[in-house]
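First up is the structure itself, then whatever we jot down about it.
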Amino acid sequence: MMKSGKYYLAVVLILTGVMSLGATSFAEDEKPTCDASLAVYSQYIWRGYEFSKDSVVLFPSMTVSYKGFAFNMWGDLDTNFVGATNDNDTEMFETDYVLTYKNSLSILNYTLGWIYYDVDGGEDQEAYVVLGLDTLLSPEISVWRGIEHTDSWYFKFALSHSFKLENKWSINVGGWVAYYDIPDGDLITGDDYSEWHDATIWAALNIPLTDWCTLTPSINYSFPLSSKSEDQIKTANLNFANDNESKFLYGGVTLAITF
């Protein structure tokens, strides 16, 4: 990790420590919560791009939350990383550090966030805002802004719905479409890019194992929204998975625990 990355990570850890101290000193009845999860997936797809190929990927995650503030650490462990030094080598391709604040105003839910990407071959940062309505189909818009290497904008418009089943089980379904604007040139292809980019439809089954543990199998289908975005995704994939595809059907299962 570069010096700037270490600096920002130190700031995040300090803020997290302050949150924990505040919980102990000022609100003994309101303590921080901790959530941990491990997702095992058939593929790593991010914003329509293919970041793995013919391998099982593991996504460990841990979040500490207090009074709307949260600090999350998320990782991508590829069991057969295409770009590894040795063929068929397992590699921790990415680690993300995310700081967020969540709250609501009547039916409006909002999240303010900052994310630091520590990826093999480089690092990046984004700030983002998520606005959602607690109403039919839970409409949500999120806006992501690159703040380190590019002046990129990523806009995502999402809908979702939950169907309750017996024994506290539920089925969640949803989807989104996204617009990507990279005026300074894509870090992957080097070309300027502004286009309706990718879409995903998904479904998940939530299975509560206990009051503090949930198992969630899910399935996803990702596809480009135009011929230009299809070409963009195919070109970018050559750098990660040596592939020439733009549509991906993938799935996995997540085990989540709340402490």
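The values are calculated or read from the model by the stated rules, or taken from the named source; none is laboratory data. For clarity, every value in this text was computed on a predicted model and none was experimentally measured. Backbone-built Cβ (ideal geometry, glycine too); neighbour counts: all protein chains shown.
Look at Ser52 and say whether it is among the hydroxyl-bearing types (Ser, Thr, Tyr), outside any strand (DSSP E or B), under 17 Å from Glu94 (Cα atoms) and in contact (Cβ under 8 Å) with a residue 24 or more places away in the chain. Before you say what the answer is, go through the steps one by one.
Values: among the hydroxyl-bearing types (Ser, Thr, Tyr): yes; outside any strand (DSSP E or B): yes; under 17 Å from Glu94 (Cα atoms): yes; in contact (Cβ under 8 Å) with a residue 24 or more places away in the chain: yes.
Spelling it out, Ser52 is indeed among the hydroxyl-bearing types (Ser, Thr, Tyr), outside any strand (DSSP E or B), under 17 Å from Glu94 (Cα atoms) and in contact (Cβ under 8 Å) with a residue 24 or more places away in the chain.
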Exercise. Considering only residues of the stretch 193-230 that are crowded, with 16+ Cβ neighbours inside 10 Å and not in a strand (DSSP E or B), which is modelled with the highest pLDDT?
Worked result: Leu225
Exercise. How many residues are surrounded by 14 or more Cβ atoms within 10 Å (Cβ to Cβ), of a type outside the set (Phe, Trp, Tyr) and either closer than 19 Å to Met73 by Cα or in contact (Cβ under 8 Å) with a residue 60 or more places away in the chain (or both) when one looks only at the stretch 88-119?
Worked result: 14
Exercise. Which of the residues belonging to the stretch 125-146 are surrounded by fewer than 18 Cβ atoms within 10 Å (Cβ to Cβ), small (Gly, Ala, Ser) and closer than 20 Å to Gly174 by Cα?
Worked result: Ser138
For this session: Would you be able to say whether some residue in the stretch 147-159 is without any contact (Cβ under 8 Å) to a residue 12 or more places away in the chain, aromatic (Phe, Trp, Tyr) and over 21 Å from Phe51 (Cα atoms)?
Result: no
Problem set entry | Tally of residues being surrounded by 15 or more Cβ atoms within 10 Å (Cβ to Cβ), of a type outside the set (A, V, I, L, M, F, W, C) and farther than 30 Å from Thr210 by Cα across the stretch 150-170 | 4
Problem set entry | Neighbours by Cβ (under 6 Å, 6+ apart or cross-chain): first from the stretch 33-49, touching a residue at least 60 places away in the same chain (Cβ under 8 Å); second in a loop (DSSP other than H, G, I, E, B) and of a type in the set (S, T, N, Q) | Gln43/Ser52
